[in-house]
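The values are calculated or read from the model by the stated rules, or taken from the named source; none is laboratory data. Remember, predicted model here, so these are calculated numbers, not experimental data. Every residue, glycine among them, receives a Cβ derived from its backbone with ideal geometry; neighbour counts consider all protein chains shown. To get the accessible areas, we keep the full protein, side chains included, count just its heavy atoms, and leave off ligands, DNA and RNA. Shrake-Rupley method; radii C 1.70, N 1.55, O 1.52, S 1.80 Å.
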Amino acid sequence: IDYFDQGPQDTIPDKWKTRKLYQHVKDFTLVRLTGEELFSLGKIFAEKLNFSVGEVSVVVPLLGFSIPDAPGGPFEDRKSDYEFVKGLRENLRPDISIYEINAHINDYEFAKSVFDIFMSLLLKQNNEKGEKK
């Protein structure tokens, strides 16, 4: 969620050339989103999640959303990344939990946290179904 895709670097429109760019391969360039754009995405995610039924949780990696956004990477910008979380928090229904994990999206710790949270929701749902019988 921290970038959008463009073609080769020499085809990037002038309005985006001042942003952080990451040439993934010759014909594929990533353009870093701004904090304002990430806030808007957080709001959009929240609005869509607000339509959910049942218990829902959101798990967010605080140390980066993509490979170039990893600590020390060319897109590292925690202040802008946190704007996504802020957009979520300000627009999400109060009953939807947000878990902020101090890990990168590709770290084992983050994957394990997502798994654990998912399993707890699944077990809770299964227990509630069992109680209704």
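Please enumerate the residues belonging to the stretch 58-76 that are over 15 Å from residue 30 (Cα atoms) and open to solvent by 30 Å² or more (accessible area, probe 1.4 Å).
59, 62, 63, 71, 72 - these are the residues of the stretch 58-76 that are over 15 Å from residue 30 (Cα atoms) and open to solvent by 30 Å² or more (accessible area, probe 1.4 Å).
Go over the candidates 80, 97 one by one and state the one that is buried (at least 17 other Cβ atoms within 10 Å of the Cβ), touching a residue at least 40 places away in the same chain (Cβ under 8 Å) and under 19 Å from residue 42 (Cα atoms). Lay out the reasoning, then the answer.
On the way: 97 fails: buried (at least 17 other Cβ atoms within 10 Å of the Cβ).
One residue alone meets the criteria, 80.
Out of 88, 121, which single residue is modelled with pLDDT under 95 and not β-branched (Val, Ile, Thr)? Full working, then the answer.
Details: 88 fails: modelled with pLDDT under 95.
Result of the check over 88, 121: 121.
Do we have any residue at all in the stretch 110-121 that's open to solvent by 60 Å² or more (accessible area, probe 1.4 Å) and assigned to a loop (DSSP other than H, G, I, E, B)?
Within the stretch 110-121 (the criterion being open to solvent by 60 Å² or more (accessible area, probe 1.4 Å) and assigned to a loop (DSSP other than H, G, I, E, B)), the answer is no, since none of the residues qualifies.
Of all the residues that make up the stretch 36-56, how many are under 13 Å from the mean Cα position of the chain (by Cα) and open to solvent by less than 30 Å² (accessible area, probe 1.4 Å)?
Total satisfying the criteria: 3.
Quickly run through the stretch 12-24 and pick out the residues that are open to solvent by 80 Å² or more (accessible area, probe 1.4 Å) and not basic (Lys, Arg).
Looking only at the stretch 12-24, we keep the residues that are open to solvent by 80 Å² or more (accessible area, probe 1.4 Å), and these are 14-15, 17-18, 20, 23-24.
Passing the criteria: 14, 18, 23, 24.
Examine the stretch 19-38 for a residue that is β-branched (Val, Ile, Thr) and touching a strand residue (DSSP E or B) at 6+ places or on another chain (Cβ under 8 Å), and state whether such a residue exists. Break it down into steps so the answer makes sense when it comes.
First, pick out the residues of the stretch 19-38 that are β-branched (Val, Ile, Thr): 25, 29, 31, 34.
Okay, now just the ones that are also touching a strand residue (DSSP E or B) at 6+ places or on another chain (Cβ under 8 Å), so 29, 31.
Yes, the stretch 19-38 has at least one match.
Name the single residue, out of those in the stretch 6-36 being out of contact with any Lys or Arg (no Cβ under 8 Å at 6 or more places or on another chain) and of a type in the set (Phe, Trp, Tyr), that is farthest from residue 65 (Cα to Cα).
So the first thing to find is which residues in the stretch 6-36 are out of contact with any Lys or Arg (no Cβ under 8 Å at 6 or more places or on another chain), and the list is 6-7, 9-18, 23-30, 33, 36.
Remaining after also requiring of a type in the set (Phe, Trp, Tyr): 16, 28.
Details: 16: 20, 28: 18 Å.
Once the filter is applied, the top-ranked residue is 16.
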